[in-house]
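Trainee: To start, I am sharing the structure in question, which I have written as structure tokens.
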Amino acid sequence: MTIRRPNDPELVEFASQVGSDGPVTVAGGRTRWTLGGEVDPEARVVSAPTGIVEYQPAEMVVTVRAGTTVDELHTALVAHGQITALPERQGLLPDQRGTVGGAVAVGENRLDRLGRGSVRDAVLQVRYISAEGEVVTGGGPVVKNVSGFNLPKLLVGSLGTLGIVAEVVLRTNPLPPVQRWLVGRHVDPTRVRSLLYRPGAVLWNGTDVWVLVEGHEGDVDDETAKLASLGEFAPSEPPPTPPHRHFLTPAEAAQADQRFTGEFLASIGVGTVFADVPAGPRVADPVAAQVAQRAKSLFDPTGRLNPGRSLGV
Ligand SMILES: Cc1cc2nc3c(=O)[nH]c(=O)nc-3n(C[C@H](O)[C@H](O)[C@H](O)COP(=O)(O)OP(=O)(O)OC[C@H]3O[C@@H](n4cnc5c(N)ncnc54)[C@H](O)[C@@H]3O)c2cc1C
């Protein structure tokens, strides 16, 4: 469902900053700024509005302006025992914090994607500024709202090349009361995955397996006891993540040791592999490439949104 609601003064003001003419780019926390290529230096830089607009813990949805940091959003949600699937700051300086809009535009998932779900599934509604400088709303603020073209899903991962995200409605997740990272050596990660009931994460570097066991304390103890049948597991911190992301199938990730000779960390059951080597150029599926080009020319006929960024298809 796509409706135009140009009635929110702050969004209308943001739309007028974006305008309808000339190259424009939007900056968040710049934690993934060069992803997809260098932006045209001539592009005007704008920043999305900030703040939490509405949070209904009982409904498990939150409406937030895109310039808000994920850190700030999660601090507000954690106070109600909730969180979202958006990735947050990992050990960077306080002024290097990713924003909600950046997280949606980039579409990277958290390390605990198994437990928290994907960014794409978390975005229920998006309000963005189109290339024509209009406020456009896509999707709906309720979990069950599947009618027509799914704009929110299209904008996730589009690197700001289809529209400038101003506000999103996100599904929230309950934060498990207990989360316990454990590490075991020389155990089969796929057996770990199938043995446990909904682990938050199963991560494997070819030798060690890190498991995020979560839930109520008794359940976490039971799951921890189950793991002992596979080998010795000890309490741990989450593992370090190599810098480069590779998109594989879950089956390929479970055999990542055959593909990577250096450091890697495979997310079992998900497919993402973080490695010390960058992913090679993606072989574009010709149909997907055509669809992407067609979408770009429909959403941004003059190529003014984030010129220079490419989605790699
Ligand atoms: C393994 C891993 C590690 C991570 N580590 C960190 C970390 O250390 N620190 C951290 O803060 N985050 C981290 N993240 C999260 C991630 O980097 C950010 O949440 C997000 O992807 C980038 O947000 P940003 O605001 O910095 O975007 P930016 O780097 O500012 O922008 C990235 C791209 O998105 C576009 N964009 C930004 N805002 C919008 C918008 N409103 N509408 C449309 N396009 C937009 C930009 O133009 C640019 O093309 C990590 C994620 C993962 C999966």
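Trainee: Tell me which residues come under 5 Å, amide H to amide H, from ALA166 once H is placed; ignore anything under 5 positions away on its chain.
Mentor: HN-HN under 5 Å from ALA166: ARG127, TYR128, ILE129.
Trainee: Charges at C-beta only: +1 for Lys and Arg, -1 for Asp and Glu. How large is the resulting dipole of the chain about its Cα centre, in Debye rounded to 20?
Mentor: 700 debye
Trainee: If you rank THR224, THR249 by how much accessible surface each has, with a 1.4 Å probe, what is the order from largest down?
Mentor: Accessible-area ranking of THR224, THR249, largest first: THR249, THR224.
Trainee: Also, I was wondering about something else. Taking 8 Å as the Cα distance limit and 6 or more residues as the minimum spacing, I'd like the relative contact order of the stretch 178-275 as a percentage.
Mentor: 32 percent
Trainee: Beta carbons within 10 angstrom, averaged per residue: use that to sort the peptides 39-50, 153-164, highest first.
Mentor: So the peptides 39-50, 153-164, ranked by packing, come out 153-164, 39-50.
Trainee: Please report the accessible area of HIS186 (heavy atoms, 1.4 Å probe, ligands and nucleic acids excluded) in Å², nearest 10.
Mentor: 150 Å²
Trainee: Would you pull out the residues with amide H under 5 Å of GLY157's amide H, same chain only if 5 or more places away, H placed 1.01 Å from N?
Mentor: Correct list: ALA105, VAL106, GLY107.
Trainee: Using θ = phi - 60° and the Karplus relation 6.51 cos²θ - 1.76 cosθ + 1.60, list the HN-Hα couplings for the stretch 248-265 in order, rounded to whole Hz, with x at every Gly or Pro.
Mentor: 10, 7, x, 5, 5, 5, 5, 10, 4, 5, 7, 9, 10, 8, x, 6, 8, 9
Trainee: How large, in percent, is the carbon and sulfur part of the accessible surface of the stretch 178-275 at a probe radius of 1.4 Å?
Mentor: Roughly 48 percent, rounded to a whole number.
Trainee: Shifting gears a bit: To the nearest 20 debye, what is the magnitude of the charge dipole of the stretch 150-208 about its Cα centre, counting +1 on the Cβ of each Lys and Arg and -1 on the Cβ of each Asp and Glu?
Mentor: 220 debye
Trainee: Helix-only estimate, please: 222 nm mean residue ellipticity of the chain, summing -39500 (n - 2.57) across DSSP H runs of length 4 or more and dividing by its residues, to the nearest 500.
Mentor: -6000 deg cm²/dmol
Trainee: For the stretch 178-275, what is the charge dipole size about the Cα centre, in debye to the nearest 20, if Lys and Arg each add +1 at the Cβ and Asp and Glu each add -1 at the Cβ?
Mentor: The calculated dipole for the stretch 178-275 is roughly 320 debye.
Trainee: Then there's this: Return the long-range amide H neighbours of ILE83 (sequence gap of 5 or more, or a different chain), with a cut-off of under 5 Å between placed amide H atoms.
Mentor: Distant-sequence amide H within range of ILE83: ASN173, LEU175.
Trainee: Here is a further query. Probe of 1.4 angstrom, ligands and nucleic acids ignored: what's the accessible area per residue over the chain, in square angstrom?
Mentor: 50 Å²
Trainee: Please compute the net charge surrounding GLY215, taking Lys and Arg as +1 and Asp and Glu as -1 over other residues with Cβ under 14 Å from its Cβ.
Mentor: Here the count lands on -3.
Trainee: Let me ask another. So, by mean Cβ neighbours within 10 angstrom, what's the order for 134-142, 23-31 with the highest one leading?
Mentor: Descending mean neighbour count gives 23-31, 134-142.
Trainee: For TYR197, TYR128, TYR55, what's the largest-to-smallest order of accessible area, 1.4 Å probe? Spell out each step's value before the answer.
Mentor: On the way: TYR197 160, TYR128 15, TYR55 50 Å².
Putting TYR197, TYR128, TYR55 in descending order of accessible area: TYR197, TYR55, TYR128.
Trainee: Let me check something: with ligands and nucleic acids excluded, how do ARG193, ARG245 order by accessible area (1.4 Å probe), largest to smallest?
Mentor: Values: ARG193 80, ARG245 55 Å².
Accessible-area ranking of ARG193, ARG245, largest first: ARG193, ARG245.
Trainee: Can you work out D for the chain in µm² s⁻¹ from Stokes-Einstein, where Rh is the Kirkwood radius over C-alpha pairs, the temperature is 10 °C and the viscosity is 1.306 mPa s? It would help to have the intermediate numbers written out before the result.
Mentor: Values: Rh = 20.6 Å.
Here the translational diffusion coefficient equals 77 µm²/s.
Trainee: Let me ask you something else. Let me know the Rg and Dmax you get for the stretch 29-173 when you use only its Cα atoms, in Å.
Mentor: Answer for the stretch 29-173, Rg first and Dmax second: 14.5, 46 Å.
Trainee: If you don't mind, there's one more thing I want to ask. Which one, VAL24, LEU11, GLY117, projects farthest toward the positive side of the charge dipole computed for the stretch 1-130 from Cβ point charges (K/R +1, D/E -1)?
Mentor: Result: GLY117.
The values are calculated or read from the model by the stated rules, or taken from the named source; none is laboratory data. Values in this document were obtained by computation on a predicted structure and should not be read as measured data. Because the Cβ atoms are built from the backbone with ideal geometry, glycine has one as well, and the counts that use them run over all protein chains shown. Heavy atoms of the whole protein, side chains included, go into the accessibility calculation; ligands, DNA and RNA do not. Shrake-Rupley method; radii C 1.70, N 1.55, O 1.52, S 1.80 Å.
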